[in-house]
Every structure is written in structure tokens, then in C-alpha cells.
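Take a look at the structure set out below.
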Amino acid sequence: MTRPILIIDVGHGGKDAGAIYGEYLEKDFNLEISLYQYYRFMDLGIDALINRTDDVYLSPDDRVEMINRSEAKICISNHVNAGGGEGAETIHSIYTDGKLAHKILYALQDAGQKIRRVFTRANSRGSDYYYIIRRTEAQTIIIEYAFIDHDEDRERLKDNLEHYAEAVIKALCSHLDLKYTPPKIEDKDIKEDWKLNGIKYLHENELLQDIEGWTKKIDGDAPVWMVGILLKNVHKDLRDHLIKKMKEGEDV
């Protein structure tokens, strides 16, 4: 088996939701970020592993064992923060120089995220405080992408999740001197263009009025009232068309 250069530790999972704020669970953000990175590493031809691809629980010991067994050089542990702050931060071992942690944080800043700090923390025995850093043989970096309980920070993460995940990939490639190429335009991008053009068409034909509101909802689910208004306008347009045809004596 080829030794992977890095492994992705997907924070929390299963019965361990991590930080919670209303309907938002940290474990869901962590998994979405990590899966994006994992498949992008595959696209780049970089040998990487991930410790979970589904919403399953892994004990701390399970995580450490998987990371150490992989013999990966680097581990990134993906998390979302809580506690009233704002912005991203990275944590590295007290025994490392922090260069990779700084590179990742500044890459997130370049991607548009606010940043807080790069730091280390020691326990009362003078070892690394964080279990995942203390017990793993890889150079492990904990990445806190945003604060789930800060409304603006959480919305930035939701709107730019793949962009932030990509920034970390770029930073890792730079640090490891690996070839990096930006992601290709995928079907998703074509679909988004189609959606925008479709919204513009519906607006021009007076089937929807709030074009700005619909554009903002393009990445999420439109609320029921927006869909209801659209269907009402479509129904009215069809009814008026049929009435006109009937008055003109045409078959309908």
C-alpha cells in the first residue's frame, strides 16, 4: 500500500454533533468541507485518505488509530467553532514551527474569510493540549473555519464553503511542493448559469417580481411563499392565454 501524503480527519459525526446552533450542526459542515477536499485531492492525483465519508461516530481512539495507521505525513482536522467569536483559526503542535498553520490561515483570508489567530496550547504536563494533535504521529493541524453561532460568520461559511475548502487545498499543495491546478468548470457551474438566465427570463416575462430575492436563493431552497407566487403567476399567464385564444375562436 502506498503511504498517503495526508489524511483528512472529519471532526465529530454520528451521535457527536459537535457545536450546535439551532438547526445547524458542526458535523454536517465538517463532512461537506472534507468530502470536497478529498475528491479534489483525487482529481489532483494526490494520494490522500479520509477517516469518514458518512455521518458516523468515531471515538477519539478510533481517529488516532486510523491516522497513525495511515502513516500520513500531514493530517488536517476540519472543524467549525463556537463560543461567540468570528473568523477562522488554526491550531498546531507546540513542537512544530507553525508554518503550515499560518499558510492555511492566510489562504482562508485570501479566500475572503476573516481570520483570528494561529496558536498552540499546552496541558498541565507540558504536552499538547488537544488529543488529536498530542496522540498522532502526523503533523496535525486543526482548522476552525468559522463560528457556527455567529450569524454573519456562519452565512459566509455557507456561501463560500467550497471556496474555503479549496483555499486549504491550495495552501497544502504549496507547502508540500505539489502541483496545483484550479478546479475545472463543472456541470454545476453550467446549471447555475442556466438558473440565472431562467430567473432573468421569468422576470422579463413578469412571472416573478423579486429577481434579487430569487437570485440570492439560488444556492438554497426557495421559501414556499416565493414558489407559491411563481405558480400563481404562471397559472394566471396560462389562463389569460387560454381566454385570449378562446375569444379568437382558436382551438385550445
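Taking packing as the residue-averaged number of other Cβ atoms within 10 angstrom, the listed peptides 76-83, 112-119 run from highest to lowest as 76-83, 112-119. A quarter of the convex hull surface defined by the alpha-carbon atoms of region 45-113 gives 6.8 nm² as the mean projection. What is the distance in Å between the Cα centres of region 30-94 and region 112-130? Spelled out, the Cα-based centre of one part sits 17 Å from the other. For region 6-176, the Cα gyration tensor yields ellipsoid semi-axes of 21, 18, 18 Å (square root of five times each eigenvalue, largest first, whole Å).
Computed from backbone phi with θ = phi - 60° and the Karplus coefficients 6.51, -1.76 and 1.60, the 3J(HN,Hα) list for region 154-166 is 5, 5, 4, 5, 4, 6, 10, 4, 5, 5, 5, 4, 5 Hz; x is used for glycine and proline.
Backbone amide hydrogens, once placed in the peptide plane, bring I115 within less than 5 Å of A88, excluding anything fewer than 5 places away on its chain. With respect to the cross-link table entries K73/K99; K99/K158; K103/K158, which display a Cα-Cα separation exceeding 18 Å? With Cα atoms farther than 18 Å apart: K99/K158; K103/K158. Scalar couplings 3J(HN,Hα) for region 71-81, obtained by applying the Karplus form with A = 6.51, B = -1.76, C = 1.60 to θ = phi - 60°, are 6, 5, 6, 10, 10, 10, 10, 8, 9, 10, 8 Hz; x denotes Gly and Pro.
Rule-based calculations on the coordinates, nothing more; no lab input. Keep in mind that what you see is a predicted model, and the values were worked out from it rather than measured. Every residue, glycine among them, receives a Cβ derived from its backbone with ideal geometry; neighbour counts consider all protein chains shown.
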